[in-house]
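Structure first, commentary second.
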Amino acid sequence: MTALFYILLAIVIGIAIWQIISIFNLKGAIATEKDNNTQGILFAVFGVFFYGLMIFSFWKYSVILLPESASFEGARIDNLYMVTMVLILFVQAITQFLLFYFAFKYRGVKGRKALFYADSHKLEMIWTIVPAVVLAGLVLYGLSVWNDVMDASDAENPLIVEVYAKQFQWEARYAGTDNELGRANVRNIRGINTMGVDMTDKNSLDDIPTRELRLPKGRQVIFKFRSQDVLHSAYMPHFRAQMNCVPGMVTQFSFTPNMTTEEMRANEKTMAKVEGINKIRAEKGEDPYEFDYLLLCNKICGSSHYNMQMKIIVQEEADFNNWLSTQKTIAEVVQE
Amino acid sequence: MSDHHHKETFITKYVFSTDHKMISKQYLVTGIFMGIIGVFMSMLFRLQIAWPDTSFSIIEAFLGRHQDGGVMSPDIYLALVTIHGTIMVFFVLTAGLSGTFSNLLIPLQIGARDMASGFLNMVSYWLFFLSSVVMVISLFVEAGPASAGWTIYPPLSALPQAIPGSGMGMTLWLISMAIFIASSLMGALNYIVTVLNLRTVGMTMTRLPLTIWAFFVTAIIGVVSFPVLLSAALLLIFDRSFGTSFFLSDIFIQGEVLHYQGGSPVLFEHLFWFLGHPEVYIVILPAMGIVSEIMACNSRKPIFGYRAMIGSIIAIAFLSTIVWGHHMFVSGMNPFLGSVFTFTTLLIAIPSAVKAFNWITTLWKGNLQMNPAMLFSIGFVSTFISGGLTGLVLGDSALDINVHDTYFVVAHFHLVMGVSAIYGMFAGVYHWFPKMYGRMMNKVLGYWHFWITVIAAYGVFFPMHFVGLAGLPRRYYANTAFPLFDDVADVNIVITLFAILGGAAQLIFLTNFFISIYKGKKAEQNPWKANTLEWTTPVEHIHGNWPGEIPAVHRWPYDYSKPGHEEDYVSQITPLKEGEEES
């Protein structure tokens, strides 16, 4: 019934537009001098709207952006991002200005002839070489950051944590006192052993399975990612960290948290963002929100993809060690 | 040429036609029809993103068993984004754009009677039609259409246990795409052979309009990369139906271990993106060609740096085949590979910058004729720059880590290839409508169409960057599960409102298009005063394009406002005057 309604509505709109068309009497097809003038001016007006939209967006939406990075590696990424963004905005501002300005300035006039200007090797060399040089710098800077972030081989006494993905939740496994994860395979999944840890491997016994992710401040963490069913992606935006979880293989990412959850809650940008969120929540009559780091799934993985998350708590190293020592090892869990 | 006047029946003229002009119109109308479906889907899921848990009677009316009280289910949400992507990328922007204008313009602009093989051309269109039909049928299967994202990464796309859309819906998706690829390859081979062999006397490669260069190079990329997607699709069919393990390994789902062992989803990602990345250039290069041609004509000026434009098309095409890994920085592939792909990806910025500056310089000191096609061409350059620049963020592996698969990516690729390519397509339709239908489109409606579209498109995609930078992943049915994203809700409402405005503006285009076919003002032979060969053919379509001999070509296509000529255009068939130098 409603479908019929919409079809009727569409027909009515169609007829309305038909009527509008008949007003134009279908005569105008080729731009006249008057059209050139109007449309050229509209491009100038649109140019103003365009810059207005950019400035408005930056002013209005900056508060929703992520606060500063909570990891050392993330801070380097943020610097690279700032440099890239300044470059982008600079080029954007100039090229769009020229485009809209030329569209306005050179709008057609009857009887005027355009300049026959087909080529200039000098100009073309300039806008080949200048981007090439700038990009070379950007590539070198980018790759140095990338290599730093991705190479964890020189980590001193890193914490090894497995992050395990499945439809639609996360689990974690700490490597325990030997700091080495035991072997695992989905074929070992039985009852309480939900991550398929191989209990015949002696490295497995002291592993600590958990349903929450706690990390120590100031110590490099090497994450080993696995998935038991489909692709997932472990995305930890506050640490500028992301890696896919791929069934059949182990992937890796590492970072060093440099702000505890408490410190991040007291961060100025975080507080402004949380304040904004709570204003919205209060209007809807919802409980106030308190900031927490999050691990979210960022690769489409099924119906509840949009609600696959785990809280991350960053603590001082001593508090973290205390917490970890209260957790049961997998050997204890399986025995029970 | 008496064989050009043989009797034609309705069937041979309008249905199984081998005439490239008719086939081009068939591509266009099919593409527009698929475009209506694709855009309508985006309206539906934008409603869900802006107002989750809110009942909409339009959702109740159209989504049937996939909704509950006017609220769509998470599965159908994923299906809608999947099919929206598939339809827009392949059916609208590949077949609808390249299919339409390659078919129309290649024979007309190089001076040929038709494509090298009219029959193959006809088969190509009807395979495309068949694949469209299969894709549309897949929308109606019991468990819903394919819903693993347009990139159909396994295991999600391989296992019906993982998501209902990976049952019959996915099977039909794969069949449809296999047929589509066959169609696309036939078309591409035809374009390549025609451009190489059937150029008229005097039409050297360096006298070809940039449209032809773009279509020609696009066809080559298609031939190189589409077969790889076909192999990926076939191997995926094997995994799904015959128990092989190309892409699957070690899977435990719904309480049981599956037998798959030794395959890798990352292999699929490589195969997919080996097509998938060139595909975005298959989409954008024809639009670039169209825009170059229309800009030169309407600026009444030669395109600036003709040879550099050709060079950059070739450079972009070459680089496009060695950058696919930038979609996979966080897929788990070796980080060293990531470095290589960062390098090759950022290289593409150089030929792209050359093109952008050349377009801007083409406008400089021109005498701009503000026809709707020209407006869309200027719009194209604007969105191509806006969207292209954020590629510097996404192509840089270190920066991609944090914005990968967020709305930042969605904003980037919609601007740089989605909106830009659609603008190129609109520009082409407005410009060559008189060649296709012998009538003109209404310019006032064209102006309204352009300005509402351009405001809506920036209104949608500019704020969307911020949503991504706030860390919101794409393909989330709702972000209500995260209080962290509560402050993004307002932005999403703004985006949806602009999206609805933009969608509604396309009704203006549709009205203008379909009414002008029958009621438009009769076209003159050369309404835009252009130099290229298609405007030397009669307005009425005839088999073989030119009634007599095919004219010979004496100059390049961009002699606009050339000193020493009275008019501000000189057709390619005008011989050089004594002492006149070719540009």
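Based on DSSP, what percent of beta bridges with both residues in chain A are antiparallel, to the nearest 5?
Of all bridge pairs located within chain A, approximately 70 percent are antiparallel.
Can you tell me how much longer the chain between B:A552 and B:E582 gets when fully stretched, taken as 0.36 nm per residue apart minus their C-alpha distance, in nm with one decimal?
Working it through step by step, the gained length comes to 9.3 nm.
What residues from region A:196-228 fall in the zone where the backbone N is under 20 Å from a label point 7 Å along the Cα-to-C-beta line of A:D292?
A:209-217
Evaluate 2.2 N^0.38 Å with N set to the residue count of region A:159-335, then give the Cα radius of gyration divided by it.
Dividing the Cα Rg of region A:159-335 by 2.2 N^0.38 Å gives 1.09.
Indicate the gyration tensor shape class of region A:242-334 (rounded, prolate or oblate), computed on the Cα atoms with a ≥ b ≥ c the square roots of the eigenvalues: a/c under 1.5 is rounded; otherwise a/b larger than b/c is prolate and the rest oblate.
Note, shape of region A:242-334 comes out oblate.
Filter the DSSP H helices in chain B by two things, a Kyte-Doolittle mean of at least -1.0 and an axial alpha-carbon span of 30 angstrom or more, and list the hits by number.
For chain B, where a helix must reach 30 Å along its axis and average at least -1.0, the hits are B:20-50, B:168-197, B:210-242, B:265-299, B:443-469, B:489-519.
So for region A:159-335: antiparallel DSSP bridges make up what percent, rounded to the nearest 5?
Just about 70 percent of them are antiparallel.
For B:S55 and A:Y117, what does the FRET efficiency come to when R0 = 41 Å and r is the distance between their Cβ atoms, rounded to the nearest 0.05?
Using R0 = 41 Å, I get an efficiency of 0.10.
If one takes the longest principal axis of the Cα atoms in chain A, at what angle in degrees, from 0 to 90 and to the nearest 10, does the Cα axis of helix A:72-105 lie?
10 degrees
Go ahead and collect, in residue order, the members of region A:250-294 whose backbone nitrogen is under 16 Å from a label point 7 Å along the Cα-Cβ direction of B:A481.
Under cut-off, by backbone N: A:294.
Per 0.36 nm of contour for each residue apart, how much would the distance between A:R211 and A:K311 grow if the chain were fully extended, relative to their Cα-Cα spacing?
35.1 nm
Rounded, prolate or oblate: which one fits region B:89-170, using the alpha carbon gyration tensor with axes a ≥ b ≥ c (rounded when a/c is under 1.5, else prolate when a/b beats b/c, else oblate)?
Prolate, because a/c is 1.5 or more and a/b exceeds b/c.
Kindly provide log₁₀ I(q)/I(0) values, in the same order as q = 0.08 Å⁻¹, from the Debye equation applied to equal alpha-carbon scatterers of chain B.
With one equal scatterer per Cα and no solvent, log10 I(q)/I(0) is -0.54.
Mind checking which lysines have their Cα closer than 23 Å to the Cα of B:K355? Skip sequence neighbours fewer than 8 apart in that chain.
Correct list for B:K355: A:K105, A:K122, B:K301, B:K365, B:K562.
Looking at the square roots a ≥ b ≥ c of the eigenvalues of the Cα gyration tensor of region B:414-463, which shape do they give, rounded for a/c under 1.5, prolate if a/b is larger than b/c, or oblate?
Here region B:414-463 falls in the oblate category.
Taking Cα atoms, how many degrees apart are the long axis of helix A:317-326 and the longest axis of chain A, rounded to 10 and kept between 0 and 90?
The helix A:317-326 is inclined about 60 degrees to chain A.
What's the Kirkwood radius of region B:441-583 in Å, using all Cα pairs?
Kirkwood radius, region B:441-583: 20.2 Å.
For chain A, what log10 I(q)/I(0) values come out of the Debye formula at q = 0.09, 0.15 1/Å, with one point per alpha carbon and no solvent?
-0.75, -1.27
Quick one: if the Förster radius is 30 Å, what FRET efficiency do A:N147 and A:F90 give, using the C-beta to C-beta distance and rounding to 0.05?
Taking R0 as 30 Å, the efficiency between A:N147 and A:F90 is 0.65.
What spacing in nm lies between the two simple spin-label points modelled at B:F40 and B:S117, each 7 Å away from Cα in the Cβ direction?
Between B:F40 and B:S117, the label points sit 3.6 nm apart.
Expressed as an acute angle from 0 to 90° and rounded to the nearest 10, what is the orientation of the C-alpha long axis of helix A:121-150 relative to the principal long axis of chain A?
Between the helix axis and the principal axis of chain A, the angle is about 20 degrees.
Would you mind calculating the relative contact order of region A:159-335 from Cα pairs under 8 angstrom and at least 6 residues apart, reporting the percent as a whole number?
About 26 percent, as a whole number.
Starting from the exponent 0.38 and prefactor 2.2 Å, build the expected Rg for region B:188-331 from its residue count and divide its actual Cα Rg by it.
Region B:188-331 yields a ratio of 1.43.
Taking 0.36 nm per residue of sequence separation and subtracting the Cα-Cα distance, how much length would be gained by fully extending the chain between B:V340 and B:W126, in nm to one decimal?
73.0 nm
Can you tell me what share of the DSSP beta bridges in the protein assembly as shown is antiparallel? A percent to the nearest 5 is fine.
That works out to approximately 75 percent antiparallel.
Using the Cα atoms of the protein assembly as shown to build a convex hull, what is its mean projected area in square nanometres?
37.8 nm²
FYI, it's all coordinate maths here, none of it is from the lab. Only a predicted model underlies this, so the values are computations on that prediction, with no experimental measurement involved. Here the Cβ is made from the backbone with ideal geometry for all residues, glycine too, and neighbour counts use every protein chain on show.
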